[in-house]
Amino acid sequence: MEKKHLIIPIFVPHLGCPNNCIFCNQKSISGQTKEVTKEDVKQIVDEHLKMFGDQKAYKEIAFFGGSFTGIDVDKQIELLEAAYEYIKAKKINSIRISTRPDYIDKEILKRLKKYKVKTIELGVQSSNDFILEKAKRGHTFEDVKRASKLIRRHGFILGHQMMIGLPESGLPDDMKTAEDLAKLKPKIMRIYPVLVIKGTELEKEYNEGRYRPLNVPQAVEMCKDVYYYLNKKKIKVIRIGLQTTDLICNPKTEGSTVVAGPYHEAFRQLVEDRNVV
């Protein structure tokens with residue numbers, strides 16, 4: 001029986017990111033605006049460990065939100081050292097980070113290895129350089145290929161994150177991204193249909209009629225094809241769509257950070273069932 005996997009999420013909103021992608025407002029998504037400190041790490045981890053109790057599970061600290069390896073090196077070390085204390089105390093099994101593909105090199109990987117980081121997830125979004133440029137990602141797919149190979153060669157678990165329904169992207173483009181990423185042999189994947197988030201450039205394009213988001217049935221059908229392709233390739237899809245804990249999701253709810261797009265509380269279930277309700 002597979003051991004339960006418990007994640008302790010620590011959000012570092014927009015830290016390390018060199019630009020604003022048109023779809024991104026990490027401070028809005030995480031609900032967090034202040035810089036994270038080692039004291040914050042300790043507080044978050046202690047609270048989660050208390051909540052977990054004596055569960056016999058694999059426990060992992062995950063730094064989400066920004067481009068972790070783009071953060072000032074001293075800040076990286078501060079956060080990693082705080083997390084590493086729990087590994088040395090045998091209270092936590094490993095550390096995971098998410099970052100940009102153009103913020104990976106041998107020196108960075110050496111630092112992460114020192115602090116027992118096990119998994120590195122790359123925000124890829126698309127393998128099409130034209131679509132990446134439209135989304136103002138600031139990197140190319142060649143950066144993704146280079147970073148992925150380096151990560152695997154240095155013994156880390158490689159993860160990729162891709163988006164469905166980006167501007168100028170259709171199902172053929174998204175399937176091509178899935179195929180291109182599968183060739184790079186990630187162990188895990190996340191699939192995110194694009195949501196229009198408040199305070200983003202994409203919100204402006206949406207309000208001006210220059211971007212039309214997918215609706216739920218469209219997004220489910222497109223994610224379904226990508227999901228089943230990745231399953232065939234033995235790549236574990238660990239997330240499909242944002243969870244309600246990620247942000248105030250429902251566009252119909254007052255105070256929601258989502259303006260429009262294919263939000264559904266059970267989006268993954270819809271994809272897995274191939275059935276929209």
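The values are calculated or read from the model by the stated rules, or taken from the named source; none is laboratory data. Every value quoted in this text rests on a predicted model; they were computed, and no experiment measured them. Don't worry about glycine lacking a Cβ; one is built from the backbone with ideal geometry, like all the others, and counts go over all protein chains shown.
Some notes on this structure:
- Condition check for LEU109: without any contact (Cβ under 8 Å) to a residue 12 or more places away in the chain and hydrophobic (A, V, I, L, M, F, W, C): no
- Residues of segment 34-57 classified as within 20 Å of LYS118 (Cα to Cα) and either acidic (Asp, Glu) or exposed (fewer than 14 other Cβ atoms within 10 Å of the Cβ) (or both), total: 2
- Residue within segment 155-162 that is aromatic (Phe, Trp, Tyr) and either at pLDDT below 95 or under 28 Å from ILE95 (Cβ atoms) (or both) present: yes
- Residue list for segment 73-118, filter: surrounded by fewer than 21 Cβ atoms within 10 Å (Cβ to Cβ) and part of a loop (DSSP other than H, G, I, E, B): ALA89, LYS90, LYS91, ASN93, ASP105, TYR115, LYS116
- One residue alone among VAL237, VAL276, VAL226 is within 20 Å of VAL194 (Cβ to Cβ), modelled with pLDDT under 95 and β-branched (Val, Ile, Thr), and that residue is VAL276.
- Residues in segment 142-165 that are closer than 25 Å to VAL271 by Cβ and part of a helix (DSSP H, G or I): VAL144, SER148.
- Filter result for the condition that a residue is part of a helix (DSSP H, G or I) and either of a type in the set (D, E, K, R) or surrounded by fewer than 19 Cβ atoms within 10 Å (Cβ to Cβ) (or both), over GLU168, GLU121, GLU133: GLU133
- Every pair of residues 6+ apart whose Cβ atoms lie under 8 Å, when the first sits in segment 49-62 and is among the hydroxyl-bearing types (Ser, Thr, Tyr) while the second is in a loop (DSSP other than H, G, I, E, B): TYR58/LYS3; TYR58/LYS4; TYR58/ASN93
- Some residue of segment 174-185 being out of contact with any strand residue (DSSP E or B) (no Cβ under 9 Å at 6 or more places or on another chain), surrounded by fewer than 17 Cβ atoms within 10 Å (Cβ to Cβ), modelled with pLDDT of 95 or more and closer than 18 Å to VAL271 by Cα: yes
- Number of the exception - MET51 against (1) of a type outside the set (D, E, K, R); (2) in contact with an Asp or Glu (Cβ under 7 Å, 6 or more places away or on another chain); (3) over 22 Å from CYS21 (Cα atoms): (2)
- Residues satisfying the stated conditions in segment 126-150, i.e. touching a residue at least 60 places away in the same chain (Cβ under 8 Å) and within 18 Å of the chain's Cα centre (by Cα): ALA135, LYS136, ARG137, GLY138
- Residue match in segment 16-33 (condition: at pLDDT below 85, touching a helix residue (DSSP H, G or I) at 6+ places or on another chain (Cβ under 7 Å) and either part of a helix (DSSP H, G or I) or crowded, with 17+ Cβ neighbours inside 10 Å (or both)): yes
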